[in-house]
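Below is one structure, written out as structure tokens; comments come after it.
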Amino acid sequence: MTATALRAPGGNERRLATPLDVERLRADFPILHNVRIDGKPLVFLDNAASAQMPQPVIDRLVRYRTWEHANIHRGVHYLSETATAAYEHARSIARGFLNAGEDREVIFTSNCTDGINLVAHGYGRKFIGAGDEIIITHLEHHANIVPWQMLCEEKGARLRIVPVTDAGELVIDEYERLFNPQTKFVAITHVSNALGTINPVKAMIATAHGHGVPVLIDGAQAAPHLKLDVRDLDCDFYAITGHKIFGPTGIGVLYGKAKLLESMHPFKGGGDMILSVTFEKTTYNHIPHKFEAGTPPIAEAIGLGAAMEYMTGIGHDGIGAHEHALLEYATELLGAIRGVRLIGTAKEKASVLSFYVGDVHPHDVGTILNQEGVAVRTGHHCAQPLMQRFGVPATARASFAFYNTFGEVDALAAAVRKVQKMFA
């Protein structure tokens with residue numbers, strides 16, 4: 001455990017203990033100490049978009065590419081068997097990371113969006129029809145809006161939306177009132193990518209199940225910050241993506257209860273998702289292979305397994321404590337800057353801070369911050385309905401990971417003060 005001295009905006013110094021040896025962890029991330037922006041050290045605060053990869057993950061990818069590369073499941077030669085074993089071992093790692101009951105409940109996808117689409121097509125097109133209703137929330141990423149809109153347009157179904165308060169919290173009473181005999185599915189985010197709000201998904205799942213309605217959780221933003229337990233949540237589906245948990249892009253995981261997966265149509269057709277094919281009839285493979293058509297992203301899955309092991313080795317309790325301290329400190333510093341408006345002030349938040357600086361467009365904010373070496377995300381964050389709810393076209397968003405430091409929060413605040421002075 002390390003202690004860091006913090007100076008509050010009023011000038012009073014306090015000390016904050018954090019359970020992580022952050023400098024040791026930062027040494028695992030080459031990009032953090034090798035990249036400079038206009039001569040300034042990189043302050044990477046865009047982790048909610050894509051987190052950086054540590055050296056153990058990079059090394060595992062290089063090892064596969066160098067010594068193990070072959071196609072899987074089809075060959076009897078050494079390399080194919082080696083690659084197959086590594087790929088399926090990654091599935092077992094993912095099962096443990098999510099605390100799923102069986103490996104066959106873990107489907108490799110290309111990302112979280114792909115997982116949500118798999119459910120919308122495989123489950124929704126089979127079980128949702130004209131007049132049925134699907135509940136989503138005002139906090140959703142477009143990836144958990146558009147697939148359900150497409151399904152509703154095709155089937156004649158209807159979306160129902162859970163509203164959000166000025167603090168960025170769901171109105172749970174309204175959620176409960178949305179259920180009726182036509183409600184057939186619930187799809188909700190665990191953590192808002194735009195605001196960082198942590199939703200009470202366990203209670204929301206229990207409410208849905210009380211009405212006999214299955215639930216999909218978009219866990220893309222929860223997986224980097226929270227210890228996941230799909231069996232404790234009792235969700236029916238849970239989707240995550242690799243590049244937000246310090247792994248490669250192009251790989252994700254969809255968890256689904258085996259009984260539901262077995263009842264669903266495949267999303268994609270092709271090789272490896274079949275047991276037999278004739279021109280008259282195809283017999284589909286067993287889960288999870290039923291949903292993994294064609295040659296999968298083998299290296300990426302293996303890299304994802306390495307990233308999950310890396311996170312588990314650090315420990316989610318330590319990660320959560322450190323990131324919460326960063327969020328509190330950043331909220332305090334930015335909230336004290338004249339003209340800064342914080343968007344989303346929920347009581348339960350992951351380490352995401354969306355803000356507006358006076359009348360300065362967030363894209364201009366991001367450009368000036370970049371000149372100071374500070375990388376943040378600007379835009380609508382693929383959450384346009386939520387931006388409309390708060391009356392802004394976009395926000396600047398700083399998102400923290402366990403490798404970020406309090407000094408980097410200071411750098412963020414200093415850069416924002418520069419924006420404020422330039423446009424005063």
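Restricting attention to region 314-326, the residues being crowded, with 21+ Cβ neighbours inside 10 Å and closer than 25 Å to V416 by Cβ number 4.
I want to confirm something. Restricting to region 289-348 and keeping residues that are assigned to a loop (DSSP other than H, G, I, E, B) and among the aliphatic types (A, V, I, L, M), which single residue is farthest from A167 (Cα to Cα)?
For region 289-348, the residue satisfying everything is A293.
Residues in region 341-374 that are among the basic types (K, R) and surrounded by fewer than 21 Cβ atoms within 10 Å (Cβ to Cβ): R341, K347.
Which ranges mark the helices (runs of 4 or more DSSP H) fully within region 354-424 that have 2 or more residues being closer than 30 Å to I314 by Cβ?
Numbers: elements: 362-371, 384-389, 406-422.
Because the criterion is at least 2 residues that are closer than 30 Å to I314 by Cβ, the helices (runs of 4 or more DSSP H) in region 354-424 that meet it are 362-371, 406-422.
Of all the criteria given as (1) surrounded by fewer than 17 Cβ atoms within 10 Å (Cβ to Cβ); (2) under 22 Å from L20 (Cα atoms); (3) in contact (Cβ under 8 Å) with a residue 60 or more places away in the chain, the one not satisfied by R338 is (2).
When I319 is tested against the conditions (1) over 27 Å from M53 (Cβ atoms); (2) hydrophobic (A, V, I, L, M, F, W, C); (3) touching a helix residue (DSSP H, G or I) at 6+ places or on another chain (Cβ under 8 Å), the lone failure is (1).
Every residue, every condition in (1) at positive phi; (2) touching a Pro at 6+ places or on another chain (Cβ under 9 Å), yes or no:
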position	(1), (2)
I314	no, no
L326	no, no
R338	no, no
G373	yes, yes
H381	yes, no
T405	no, no
R417	no, no
Q420	no, no
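The set of residues in region 113-143 being under 16 Å from S192 (Cα atoms), polar (S, T, N, Q) and touching a helix residue (DSSP H, G or I) at 6+ places or on another chain (Cβ under 6 Å) consists of T113 alone.
Across region 26-78, the number of residues qualifying as over 20 Å from E300 (Cβ atoms) and among the basic types (K, R) comes to 3.
Taking the listed residues T278, T295, T241, T249, the one that is polar (S, T, N, Q) and either touching a Cys at 6+ places or on another chain (Cβ under 8 Å) or buried (at least 22 other Cβ atoms within 10 Å of the Cβ) (or both) is T241, with no other qualifying. Taken residue by residue, region 378-390 has no member that is surrounded by 21 or more Cβ atoms within 10 Å (Cβ to Cβ) and in contact with an Asp or Glu (Cβ under 6 Å, 6 or more places away or on another chain). Can you list the strands (runs of 3 or more DSSP E) lying wholly within region 237-287 that have 1 or more residues being touching a Leu at 6+ places or on another chain (Cβ under 9 Å)? In region 237-287, 237-241, 252-256, 282-284 are the strands (runs of 3 or more DSSP E) which contain 1 or more residues that are touching a Leu at 6+ places or on another chain (Cβ under 9 Å). Contact annotation: residue pairs with Cβ atoms under 7 Å, 6 or more positions apart or on different chains, pairing a residue in region 281-306 that is under 20 Å from K259 (Cα atoms) and without any contact (Cβ under 8 Å) to a residue 40 or more places away in the chain with a partner that is of a type outside the set (D, E) and assigned to a strand (DSSP E or B), are T283/I274; T283/L275; T283/S276; Y284/I274; Y284/L275; N285/I274; N285/L275; K290/Y284.
Here, each number is a calculation from the coordinates, and none is a lab measurement. Only a predicted model underlies this, so the values are computations on that prediction, with no experimental measurement involved. Backbone-built Cβ (ideal geometry, glycine too); neighbour counts: all protein chains shown.
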